[in-house]
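Values in this text are rule-based calculations from the coordinates and carry no lab data. Everything numeric here is computed off the predicted structure, so don't read it as measured data. Cβ: placed from backbone, ideal geometry, glycine included. Neighbour counts: every protein chain shown.
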Amino acid sequence: MLAIPTDLPASLLSVGTRPLFVMHMQVQPYQIIGGAPGAFRRVGVVPGGIFAGESLSGKVLPGGNDWQTVRSDGSTLLEVRLVLEAVDGATIGMFYKGLRHGPADVIERVNRGEDVDPSTYYFRTNPMFETAAPAYSWLNGIIAVGVGYRTPSGVFYSLFEIL
């Protein structure tokens, strides 16, 4: 049987992060696909938004979308693709999967568009990026995590680069 070493390097004992940016996206009412086999599907269209951070700021361009799968336990899987435009005009593709779940009454309130304390439910994403812009090529080599908050005006994310 394989034994787990007890003397792992420090780099394997924890995960460090660094703030990347905070983003606010507007979201239009869901487009309902319905009860496809195995899941209830809906799509959120993103007409725009903004993001700001120490190394990267700009706007979310119109046309992004959020394909959601609502599972039988009430949790929601997200598959999102966006195009970001940095303040200097560079374009950056951003895509992520995510998961949102919590107590049924809380998630029902979130789905109705109410302002619900984000500490009462779990909403996490794993963004990755792609760009041809030399100033932002470092984004091609990172993985990020995001913590989300659904509000009546859309979605807020705090994104962190995984070090």
Open item on the list: To check my understanding: the extent here is largest minus smallest coordinate of the Cα atoms along each principal axis. What are those three numbers for region 82-140, in Å, largest first?
Closed with: 46, 18, 15
Open item on the list: I need the GluC sites (Glu not before Pro) found in region 23-98, filtered to DSSP loop residues with at most 14 other beta carbons within 10 Å of theirs.
Closed with: Glu54
Task: Assigned charges on the beta-carbon of Lys, Arg, Asp, Glu; the chain dipole about Cα centre (debye) - done: 360
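Once the other residues with Cβ under 14 Å from the Cβ of Pro19 are scored (Lys, Arg +1; Asp, Glu -1), what is the net sum?
So the environment of Pro19 carries a net charge of -1.
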Task: Ser153 versus Trp67: modelled label distance in nm, points set 7 Å from Cα along the beta carbon direction - done: 3.1
TODO: Can you check what the net charge comes to around Ile50, using other residues whose Cβ is under 12 Å from the Cβ of Ile50 (Lys, Arg +1; Asp, Glu -1)?
DONE: 0
- [ ] For n ≥ 4 DSSP H runs only, could you compute -39500 (n - 2.57) per run for the chain, divide by its residues and tell me the 222 nm figure to the nearest 500?
- [x] -1500 deg cm²/dmol
- [ ] Multiply the residue separation of Met1 and Leu13 by 0.36 nm, subtract the distance between their alpha-carbon atoms, and state the gained length in nm to one decimal.
- [x] 2.1 nm
Open item on the list: Around Tyr157, under 14 Å between beta carbons, what's the net of Lys plus Arg minus Asp minus Glu among the other residues?
Closed with: +2
- [ ] Note down the relative contact order for the chain as a percent, whole number, built from C-alpha pairs under 8 angstrom at least six residues apart.
- [x] 21
